[in-house]
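Notes for the one structure printed next.
Nothing in this text is a laboratory measurement; each read-out follows from the coordinates by a stated rule. None of these values were measured; they are calculated from a predicted model. Counting neighbours? That spans all protein chains shown, and the Cβs are built from the backbone with ideal geometry, glycine included.
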Amino acid sequence: MPYNGLMNKNFYLKWSATAVTLLFAVMTSMQITPYNVWVANVSSLMWLIWSIRVKEWSLVTVNFGMLAIYFWGLF
């Protein structure tokens with residue numbers, strides 16, 4: 001099977017987004033605010049990029065909505 005660079009990048013993006021999402025959950029449970037909301041924005045943006053790349057439109061919708069909500073929460 002030939003090397004597929006985009007698939008490999010999607011793999012690392014997906015697992016990095018997972019780690020950032022878990023960091024957000026830990027920060028929220030420890031009440032580290034407002035930094036947890038910044039991490040949530042990064043997490044949602046990473047998942048949004050991943051879901052666009054793999055054309056998973058339901059996740060595009062969810063993560064776009066979450067990004068908008070978390071961004072609004074910063075202000």
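Structure notes:
- Net charge over other residues, Cβ less than 10 angstrom from the Cβ of Arg53 (K, R count +1; D, E count -1): +2
- Acute angle (nearest 10 degrees) that the helix 57-74 long axis makes with the longest principal axis of the chain, alpha-carbon atoms: 30 degrees
- Between the Cα long axis of helix 5-29 and the first principal axis of the chain there is an angle of about 20°, rounded to the nearest 10.
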